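Visitor: Before I ask anything, here is the structure I am working with.
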Amino acid sequence: MSNELYANLAWLPQPPADFRNRCRALADDPDADGRHLASLGTCALNENRLRQLAEAIRTLRARDRSLAPLTPFTLGVVGNVTLEPLVPALIGSAPRHGIALECVEGDFAQTVQEAMSPDSRINRARPDAVLLALDFRGLPLASGLYDEETARGVVAAAVAHVDALRAAFRANGGARVIVQTLAPPPESAFGSFDRIMPGTVRSLCAAFNAALVESVRGSDDVVLDVAALAETVGLADWHSPRQWNVAKLPFDARFLPLYADHVCRVVGALRGKSRRCLILDLDNTVWGGVIGDDGLEGIVLGQGDWTGEAFLDVQRAALALRERGIVLAVSSKNDDAVARRPFAEHPDMLLREEHIAVFQANWNDKATNIAAIAEALSLGLDAMVFLDDNPVERGLIRETLPQVAVPELPDDPALYARTLAAAGYFEAVTFSEEDRRRASFYADNARRLALQGQIGDLDAYLRSLQMRIVFRPFDATGRGRITQLINKSNQFNLTTRRYDEAEVAAFEADPQAFTLQVRLVDTYGDNGMISVIICRPAGERTWEIDTWLMSCRVLGRRVEHMVLREIVMQARARGIERLVGRYLPTERNGMVREHYAKLGFRLAAEADGATTWELDTAAEPPEESMEVERAGFDLTPA
Amino acid sequence: MSLDDIYQRLTEILREVFDDDTVVARPDLTADQVAGWDSFAHLRVIFTVEQAFGVSFAASEISGLKNVGELAQLIAAKRKG
């Protein structure tokens, strides 16, 4: 069901299998601090796990351990509903928003007493804020067959009641109040006519919510829009008569993690923890396809195509964020000029270079790029959100730059924009003229930064991917995909020779040709076929590498080194002593000009930009950096 | 899924819900034998069980449960039918 995105906090990665043990271990680890809590907390935690994390926090506090760098916040919690399950959920949800939360609980259904009495538990604690968890049953909002005037009076009295509570907590406890809008029950008295009849529960809740917002506007108090949250997941799912009747739970317990996350977003916003910058990947994130391979004509964007429209939704979402002051940046693995072309020339692009403050398109790793973006914008890493369709890139940033928020994305691009919005990284409690202008403070001139050094241990991350490379000669099963790759690959393509399916079949059958179709599997799944090799005899004991192409999606993982290793070992097994590689320059394959140089070939000839390279197969091949699987060869390396 | 498997999963669930590695799901285990098994915990147990076993309980089915054994039987019956 589509509300699972919300109920399961699907923008957060799954917790580790040993989550409970990790929580326990925190108490005994002398180095454990708020960062570990944030790391464990930035996962999709259900109610049980939130309680486990809350327990770990309780233990750390009991042992006087510092929870820095989390910002402390004391929240009073009162209401007409059961508070017991709320409190651990709130405490466990706070670390992912940079907050170390302490809760002071009011006695059940003693809201008025807690507010009015200066000696109450909550007022004595002088919390930073009080959450007024009142639902429609906890207010003097009795429904009836009223006329409009009577209904107005009922609503006004209910709002006055809340106003009095707010004033009392402020005066007696020095606290601002977080008030909640009301989620009406799905049942109606008349049906559609409920909207017209002023005294129905539905009408009264709507009128109350509007009046409450008016009353809070301009004050220091804050609205938690429970009505919107409940409508988003569906009132029928939100309200559980059984759970209210049995345990006075105001909503189905399955939404406890979601509710707690929303409260903590507001608390985080009050402490300036909301994110300020959205960093966008480009290929398959803001358009469909790969600009370097597919070109302007080939990328999927708009034009009534439903995938194309999905990517436009991502762009619209980014622009809307920018409009309210969120800074936009780009981090893409692409040639800079190639990546900018759609921004400048594609008629369906909504994002233009002038909307982007920093534009990093290069072949360096994204962690180094994102760290540079943060520094250039003078924003902390904890102000960044990074949107990328590629789970390997997401994993790299989560591991190397854990303060950056990296939402999980579903397979379907149609849900990217919705998932980003659901994550609520940019929650606000105020909005000023200064906020509106903030994005332009960064002079959106799509700056390009020079990178210094490298962040993080890339090799360790690559090892953690548990990659397995699979080598096969050309065969009938792979023929279609091989032909497709040969014809559509433009960037990582040394010679850009195009062959049709019949010619590919001829290579399959040719005993003199050595061919490879290469697949890559990693911990995130099967990347499919990502490289194609064709070698032909070219003189005595020599192979010329006729075709070497690779998908840019697997750049930076030493796949090309493993491929060379395989070519060398297979060549040796067949008595080949020399490999010859050629680079034929095109408009698009500039990125592989130094490919053979990087792999240790020596330059043998050069003419008009085309280069010829040589390597002795007796030379030491690149070392093995991942697991290898082979199938279908009649002669295999020893 | 055998009754043994059900008890094994129930043990995992109880340990997860009560954050206690010593709990073991036995037929005669009752709520008052487990620290913290109050009415809220009971709802968490039921919810976690529903999610883990892919079943759904009516209020009437769970209100009369006397011990873990009866819960296990109920799960077994739900998964069969």
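Visitor: How large is the charge dipole for the protein assembly as shown, taken about the Cα centre, if only the Cβ atoms of Lys, Arg (+1) and Asp, Glu (-1) carry charge, to the nearest 20 debye?
Guide: It comes to approximately 880 debye.
Visitor: With each label point set 7 Å from Cα along the Cα-Cβ vector, what nm distance links B:ASN67 and A:MET1?
Guide: Taking the simple label geometry, B:ASN67 and A:MET1 are separated by 3.6 nm.
Visitor: A follow-up question, please. Starting from one equal scatterer on each C-alpha and no solvent at all, send me the Debye-based log10 I(q)/I(0) for region A:123-185 at q = 0.14 Å⁻¹, two decimals.
Guide: -0.47
Visitor: Suppose every K and R has +1 on its Cβ and every D and E has -1 on its Cβ; what is the size of the dipole of region A:207-327 about the Cα centre, in Debye to the nearest 20? Could the numbers behind the result be given before it?
Guide: Values: 12 positive and 17 negative charges, 172 e Å.
The dipole magnitude comes to about 820 debye.
Visitor: Taking a temperature of 10 °C and a viscosity of 1.306 mPa s, what whole-number D in µm²/s does Stokes-Einstein yield for chain B with Rh from Kirkwood over alpha carbon pairs?
Guide: 126 µm²/s
Visitor: Evaluate the Debye formula for region A:1-140 with equal point scatterers sitting on the alpha carbons, no solvent, and hand back log10 of I(q)/I(0) at q = 0.11, 0.17, 0.20 Å⁻¹, in q order, two decimals.
Guide: -0.46, -0.96, -1.16
Visitor: Now, a different point. Using a simple charge model, +1 on the beta-carbon of Lys and Arg, -1 on the beta-carbon of Asp and Glu, nothing else, what dipole does region A:1-136 show about its Cα centre, in debye to the nearest 20?
Guide: 300 debye
Visitor: What percentages, rounded to whole numbers, describe P(r) for region A:368-522 computed over all alpha carbon pairs with 10 Å bin width beginning at zero?
Guide: Percent of pairs per bin, in order: 8, 23, 26, 21, 14, 6, 1, 0.
Visitor: While we're on this one: Relative contact order (percent) for chain A, with alpha-carbon contacts under 8 angstrom and 6 or more residues of separation? Each step should come with its number before you reach the end.
Guide: On the way: 1173 pairs, mean separation 60.4, N = 638.
Across chain A, relative contact order equals 9 percent.
Visitor: Between A:ARG124 and B:SER60, what is the FRET efficiency for a Förster distance of 51 Å, r being their Cβ-Cβ separation, to the nearest 0.05?
Guide: After rounding, the FRET efficiency stands at 0.70.
Visitor: Also, I was wondering about something else. Show log10 I(q)/I(0) for the protein assembly as shown at q = 0.06, 0.08 Å⁻¹, two decimals, from a solvent-free Debye sum over equal Cα scatterers.
Guide: Here the Debye-derived log intensity ratios amount to -0.47, -0.78.
Visitor: What trypsin sites (Lys or Arg not before Pro) in region A:54-99 are in a loop by DSSP, with at most 15 other Cβ atoms within 10 Å of the Cβ?
Guide: Here the sparse-neighbourhood loop sites are A:ARG63.
Visitor: Which residue, A:VAL504, A:VAL568, A:VAL159, has the largest displacement toward the positive end of the dipole of chain A when charges sit on each Cβ (Lys, Arg +1; Asp, Glu -1)?
Guide: So the residue we want is A:VAL159.
Visitor: Ok, one more. Counting only Cα atoms, I'd like the Rg/Rh figure for region A:490-638, Kirkwood definition for Rh.
Guide: 0.93
Visitor: How large is Rg/Rh for region A:143-246, to two decimals, with Cα atoms and a Kirkwood Rh?
Guide: Numbers: Rg = 15.0 Å, Rh = 14.9 Å.
So for region A:143-246, dividing Rg by the Kirkwood Rh gives 1.01.
Visitor: Work out the FRET efficiency for A:ARG602 and A:GLU354 from their Cβ-Cβ distance, taking R0 = 35 Å, and round it to the nearest 0.05. Spell out each step's value before the answer.
Guide: Values: r = 46 Å, r/R0 = 1.32.
The calculated FRET efficiency here is 0.15.
Visitor: Can you list the residues of region A:505-538 with backbone N under 20 Å from a point 7 Å past the Cα of A:GLN484, pointing along Cα to Cβ?
Guide: Only A:505-508, A:516-522, A:525-534 fall inside the zone, counting backbone N under 20 Å.
Visitor: Okay, next question. How many nm is it between the label spots at A:MET569 and A:VAL246, if each spot is 7 Å from the Cα in line with the beta carbon?
Guide: According to this spin-label approximation, the distance is 5.9 nm.
Visitor: Let me ask you something else. Testing the spin-label approximation: label points 7 Å from Cα along Cα→Cβ at A:ASP634 and A:PHE193. State their distance in nm.
Guide: With each label point 7 Å from Cα toward Cβ, the separation is 8.6 nm.
Visitor: Can you give the helix-only mean residue ellipticity at 222 nm for chain A, where every DSSP H stretch with n ≥ 4 adds -39500 (n - 2.57) and the sum goes over all residues, rounded to the nearest 500 deg cm²/dmol?
Guide: -11500 deg cm²/dmol
Visitor: In addition: Quick one, what does Rg over Rh come out to for region A:71-270 if you take C-alpha atoms and the Kirkwood Rh?
Guide: The Rg/Rh ratio comes out at 0.96.
Visitor: Further question: Not counting the cut sites, what is the longest span of chain A without GluC sites (Glu not before Pro) that DSSP labels loop and that have at most 10 other Cβ atoms within 10 Å?
Guide: Maximal segment without exposed cleavage sites: A:1-539.
None of the figures in this text is laboratory data; all of them are computed from the coordinates on show. Computed from a prediction, not measured in an experiment: that's the story for all the values here. Because the Cβ atoms are built from the backbone with ideal geometry, glycine has one as well, and the counts that use them run over all protein chains shown.
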